[in-house]
Structures are given as structure tokens and as C-alpha cells.
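Notes follow once the structure below has been shown.
The values are calculated or read from the model by the stated rules, or taken from the named source; none is laboratory data. Values in this document were obtained by computation on a predicted structure and should not be read as measured data. All Cβ positions, even for glycine, are placed from backbone atoms using ideal geometry, and neighbour counts span all protein chains on display.
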Amino acid sequence: MVPLSARVAEDPVTKLADDPRAARGLAWIDKNAAWVTDQQIRLTEIPAPEFAEARRGAALKELFAASGLQIRVDRIGNVIGERAGSDAKSVILISAHLDTVFPPDTDVHVKRTGARIYAPGISDNGAGLAALVGLARALSESRVRTEKTIVLAGDVGEEGEGNLRGIRALVDAYGSRLTAIIALDGPSADHITTQAIASQRWEVTVTGPGGHSWSDFGVPNPITAISRGIVGFSSVSLPDDPRSTYNFGVLEGGTSVNSIPSRAVLKVDLRSEDERELARLEKSLRDAMQSGMNDELSATQSARDTLQISFRSLGTRPAGKLPDDSPLLATIRNVDRFLGNRSRLERSSTDANIPLSLGIPAVAIGGGGKGGGSHTLDEWYDPTGRELGLKRLFFTVVALATPER
Ligand SMILES: [Zn+2]
């Protein structure tokens, strides 16, 4: 055990330890972790693909109402529950995204194997939503009144082509009243995401005349052109620092095995810790795709046929970083020290990108428990240790919101 320094002993987190209101919240968490898991399963089993989060949002709204929050649903489907503080001008926002990466026809029913619960979306973001619901109830049971207003939100459009539209709208709505934002994303209590990775998503479309596989042989082929572009871009070297990545995530085109396709579409995700490096990557992608198309044209026999290429942005996420001396970070670290929880700083692309890019203090953390297989059909969650994640969240939020004397 590391002895607590005098400074730590005076911090608001340690003071909370002796507060009966905090004790009531913690006692509720200890007794009700299984209930929180039940809510996680219920929410996960309601499909919530991007742009179709309303049904899951309605279920969350009911859970918020049962915890005494003042609820509203905004124009785009963010489910917002407010817990008014004495100072309406200072707001702490805790968000968890409602949407998943899975298409509407995905089977999202859970299967249990031992302690593990399997279902697409069970961790990302079933774990975050469950923590949000648990937090709402623990705050209610604690009967703590705070100076700052606490806003809980299940937000839309975090994944893929949603392009963070939910958190953008929330940040717009609360504006300068926001003093801190915590995005709950996924399971675990072992990290604090303080750095936002910049990303760009692109759709590249190549079209051509198409034709019969035998009689029109020699006509330039959009699938081949895109494939040449993929190979070309894959040979571009990426820096380790700033870390940068790319992914060719979707490739579609063609109608039948014996038709030369008239169209092929590629979706690409580019990420970097540095926006200038990301801009360089974008240029390399455009160049590689353009030369892939030119190579296809010069390799084919037909002089009159041609191909067209177009690029469409599917979304941009800005970069940002929470300063190392941020009071928000200090509070979470004090909570971790108090709970004996070890955590590391992380870089990721989450709802926190938007506030961080605007200089609003923000982090992303997990909701507790363990999980894996995110964005795959084998995604799983294990609620072991959920209480730690919930207590960490509860203490952090109460300390940030300043309990009234
Ligand atoms: Zn997520």
C-alpha cells in the first residue's frame, strides 16, 4: 500500500469516502450489479444500427425516467436526462453511444457461456449504456445534491458513418456551460482515453462502360482499377510516430460472374495521431487510386472506353488532447488511487474527439467488467468486476459535480 500524501487526503474524492450520501450510492452498486447486467442485455437485444437508434433510445428513456431524471429526446434522437444542480450554468455531461456497427438484420440475441455473455454490441456499447443506467440509479439512491448540473445522454451516431453527430449536437446544445465530458465506451476500468485520434472515412467509386465477359473483353474493369489502387496504397509506408493506420473496410461492385462490372465502390478508414499526417495519407490515397485507374486504362486494349473516379467523404473526426494537468484527469486518477484501480492513458477515436478538438475537458472511459471481439459477431462481455467500474464512475461524477454541504 502506498501511503496517502497530505494532498491526496484533502482531495474531494477522499472526503467523499466519509460521506453517507456516497456510501448509499456505493451500497446500491454492490447490491445491484446483476440488475445492471440485465439492463445491458435488454438494451443490447434491441437492434440499433446507425441512423436507427430510436427503439433502443426509447428503452433507455424509460430507465432514465425511473431514476428521476428530467428527460427529453432531441431532434436527432439523443436521449437526454438532466439532474439539476444549484448552478445551472455549469454542466457535466456523461454520454454513451446508442448505435452499433451492425446492420439491421444482425441477430443480437445474447448467448451465455459460463461468465461470458455473447452478442454483437454487448460490450460496444452495451457496457457503456449499462454503466450510464447504473450511474443514474446510484445517483438517485445516494440522494446527493450537487452544485453542477449532471447531464446523462444516450447519444446517436458515434460509429461509422454517424460521424459523431450525436455528441456534436450535445456539445452545441450545452456550449459554454460544459465543464467536463465523460464518454462511456466499451467495458473495463483499466484506461483513461485522453487523446483523440483524428480520422477520415472515404468512399471511392469507379465507374466504367461494363460489358460481357467474353465479347467485351478488354473493356477497363472498375473492380480491377480499385484493386490496383488498393495494392498501390498498401505500399505507402506509414510512420510509427505519429501512429497512423488505414483500413479498406468494404469493397462492393459488379452484378454477375460473367459481366464486366460498370461500378465498384470502396470504403476506407484513415487514422492518425496527427492531423497533418492524416492529410498526407489522404493525398496518398487519392494519388494511389488515381494511378490504379490509369494503370487499368493503359493495361486494357480499348482506347475509346474510359473510367471515372470520384471520392466522397463519409466523415471526419478531429484530433485533440486533454492537458496532462487537467482537473478532470486529476479527479479520475484520485478516484483510481482511492479504489486501488490501475489505469493507463489511452489514445482512441470516440465521442470525446469533438469536445477535445474544441478545448472542452473530456475523456472516454469504460463502463467496467471485461469484454472483447468488439465490432465482430463474436463480441463478448464478462460482468466480473463491473462494480469497480461503476464505483469509479460514480465517485468521479459526484466529485466533479461538487456535492452541496
Ligand atoms: Zn463504441
Residue selected from segment 345-390 under the condition surrounded by 24 or more Cβ atoms within 10 Å (Cβ to Cβ) and of a type in the set (S, T, N, Q), by the criterion farthest from the ligand (Cβ to nearest atom): N353
Matching residues in segment 70-98 - criterion: being touching a strand residue (DSSP E or B) at 6+ places or on another chain (Cβ under 6 Å) and either in a loop (DSSP other than H, G, I, E, B) or not assigned by TED's automatic domain parsing to the domain that holds I365 (or both): N78, A84, G85, L98
Subset of segment 99-144 (residues that are closer than 17 Å to S67 by Cα, of a type outside the set (D, E, K, R) and outside any helix (DSSP H, G or I)): V144
Test: residue in segment 293-309 that is in contact (Cβ under 8 Å) with a residue 60 or more places away in the chain, outside the structural domain of D190 (by TED's automatic domain parsing), of a type in the set (G, A, S) and under 29 Å from S374 (Cβ atoms): no
Candidates V250, V257, V236, V268, filtered to the one that is within 30 Å of S213 (Cα to Cα), in contact (Cβ under 8 Å) with a residue 40 or more places away in the chain and surrounded by fewer than 16 Cβ atoms within 10 Å (Cβ to Cβ): V257
Cβ pairs under 9 Å, 6+ apart, first in segment 271-292 and within 13 Å of P318 (Cα to Cα) and assigned by TED's automatic domain parsing to the domain that holds S234, second at pLDDT 95 or above and part of a helix (DSSP H, G or I): R271/L278; R271/L281; S272/L278; S272/A279; S272/R280; S272/L281
Filtered residues of segment 226-261 (kept if part of a helix (DSSP H, G or I), farther than 17 Å from S310 by Cβ and hydrophobic (A, V, I, L, M, F, W, C)): V231
Complete set of residues in segment 179-222 that are assigned to a strand (DSSP E or B) and either of a type in the set (D, E) or within 16 Å of the ligand (Cβ to nearest atom) (or both): I181, I182, A183, L184, H191, I192, T193, A196, S199, R201, E203
